[in-house]
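Written below as structure tokens is the structure these notes are about.
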Amino acid sequence: MPRFYSLAALIAIWAVAAALVQSRLLPGPLMVGAVTLADLRSGELPYQMGCTLARVAGSFAIAMILGVIAGYTMGRSKAIDRYADPWLIVLINMPALVTIIFAYIWLGLNETAAVLAVAINKLPNVTVVMREGTRALDPELDEMASAFQFTGLSRIRNVVIPQLAPYLAASSRSGLSIVWKIVLVVELIGRPNGVGFVLGSAFSLFDMARILSYAISFVMVMLLIESLLVQPLERRANRWRRRPA
Amino acid sequence: MNDAQTAGDAAPLELRIDAKTFLSADGTPVEVVRNLKLRLEAGSFGALIGPSGCGKTTILRIAAGLDRDFVGELHTPGSGRLGMVFQEPRLLPWRTVEQNIRLALPAGEAAVDLTEMVAILGLGDHLARYPGELSLGLARRAAIARAFAARPDFLLLDEPFVSLDEATAARLRSELVALTTRTKVTTLLVTHDLAEAIQLADRLFFLSDRPTRVIAEKALPPPRGTRSPEVIAAIGEELRAVLAQATTETGGG
């Protein structure tokens, strides 16, 4: 309930400010709502949103899979970590924009370049988090699994993944928010569709109502994904923890 | 109950550790075990007794094949199926008690009936609970159940009854006797409690301080598990005398 009041207050402040300013540079909630409804009816909003979501899903999946493998390997082997760590530091400090420009120049202005650029931006964060998680794995449980001759698969499913679950949840949460922000930049620079492209063209027309309409719609979709997908998964992974009294 | 151990498991446990060293935090090698020899007939119950910190757990880890970084030789009894009860229960906190037990089952026996063993260990009401909800005594029982569920030819127990109240420990000891007698598994127990060792074992190995070796060995008359407190006390007295002598001899030499 406090969340609801707080959001309602935000919208109220916005409405009052818009009413006071009376400028097309700050349209009120009603006007933004009207634009959203019109674009929903014409199918424009769902289409652009779909393009963006597909890119988000693609780059998120690539970044998570590669990042988990890299982080786990580096966490398990000190030797590999020593060699791979400098690369990781280079990657993690590379500005997102630079990666995007490189990808577009080397691979061309296409879908592959767009998705890869985003994935590479996200990859080092996942790797760092998963490496920490892997270092924190309990060697005593490893020993137990060896003593009872667990198969490799059973070891991963029953011993490793449950221990890494909080790290997986943390990196996918922060990952999702980073990825969708960078996807918009990628679309702004070099794609003919998607929310980022729409925002770019609306910016050149100073069409504030459209910018707000798309931004808010997108945030809402991401909130839905978070509360319908990420949080239930997290709860399921944590059900063994004793409820705090 | 355990027909897996018929033919090939007449082999005894033979362990020889010529040397085992650890690197301490500052990089200097510390010798933990030197010239230690153990031999345990198939189906019998051995106990390692020694002062705390003498490297008993190290020896057990070597016997379990978990630590191969030593100079010496290891022959385990049977086909190599191992059951182990660690000093802490080491259950997977994110799996229920039943899942924890079943995970240790040999491949292809995942659906085997656990009712009987669960009843012996008094775990019936707790199978669906997570280890975090169990008392230490119950968690220890679950760990013992897991070790037996593995249908081991070779069972290793690392001080499985420490920090339990005496009543619970006594009950678990008699349950352990029942289970080991029935499955005829070769068992090695680590303990610092002489009375416990005398009650449970066929053969006692007394260990020295670091670097650890066997200073005295004593076979106890059968049957194990049913020795009365008076008998245990009497054997204990006798052993203390033997032990005192062995210690002074090594002190002199």
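The values are calculated or read from the model by the stated rules, or taken from the named source; none is laboratory data. Given the structure is predicted, the values throughout are model-derived calculations rather than measurements. Note that we place each Cβ from the backbone using ideal geometry, even for glycine, and neighbour counts take in every protein chain shown.
Identify all residues within region B:77-109 that are among the hydroxyl-bearing types (Ser, Thr, Tyr) and either buried (at least 23 other Cβ atoms within 10 Å of the Cβ) or touching a Lys or Arg at 6+ places or on another chain (Cβ under 8 Å) (or both); write none if there are none.
B:Thr96, the sole residue that qualifies.
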Checklist entry - Can you name every residue in region A:173-218 that is farther than 24 Å from A:Leu109 by Cβ, at pLDDT 90 or above and among the polar types (S, T, N, Q)? => result A:Ser213, A:Ser217
Next on the checklist: For region B:144-194, give me each residue that is aromatic (Phe, Trp, Tyr) and away from chain A (no Cβ under 14 Å).
Outcome noted: B:Phe161
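If the requirement is being of a type in the set (Gly, Ala, Ser) and either touching a Phe, Trp or Tyr at 6+ places or on another chain (Cβ under 9 Å) or closer than 30 Å to B:Thr21 by Cα (or both), which of these qualifies: B:Ala233, B:Ala178, B:Ala244?
B:Ala244
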Checklist entry - What's the number of the condition B:Arg141 fails, among (1) in a helix (DSSP H, G or I); (2) more than 17 Å from the chain's Cα centre (by Cα); (3) more than 10 Å from chain A (Cβ to nearest Cβ)? => result (2)
Item to check | Conditions (1) touching a strand residue (DSSP E or B) at 6+ places or on another chain (Cβ under 7 Å); (2) surrounded by 17 or more Cβ atoms within 10 Å (Cβ to Cβ); (3) under 20 Å from B:Pro12 (Cα atoms): number failed by B:Thr183 | outcome: (1)
Item to check | Matching entry among B:Ala241, B:Ala143, B:Ala246, B:Ala147 (being closer than 30 Å to B:Ala11 by Cβ and either in contact with a Lys or Arg (Cβ under 8 Å, 6 or more places away or on another chain) or free of Cβ contacts under 8 Å to residues at least 12 places away in the same chain (or both)) | outcome: B:Ala143
Checklist entry - What residue, of A:Ile100, A:Ile105, A:Ile13, is in a helix (DSSP H, G or I) and touching a residue at least 60 places away in the same chain (Cβ under 8 Å)? => result A:Ile100
Checklist entry - Of everything in region A:147-172 that's under 19 Å from B:Leu82 (Cα atoms) and at pLDDT below 90, which residue is surrounded by the fewest Cβ atoms within 10 Å (Cβ to Cβ)? => result A:Gly152
Checklist entry - Quick check, is A:Tyr83 in a helix (DSSP H, G or I), hydroxyl-bearing (Ser, Thr, Tyr) and crowded, with 18+ Cβ neighbours inside 10 Å? => result no
Checklist entry - Looking at (1) farther than 12 Å from A:Val68 by Cβ; (2) within 12 Å of chain B (Cβ to nearest Cβ); (3) among the β-branched types (Val, Ile, Thr), can you tell me which one A:Val179 breaks? => result (2)
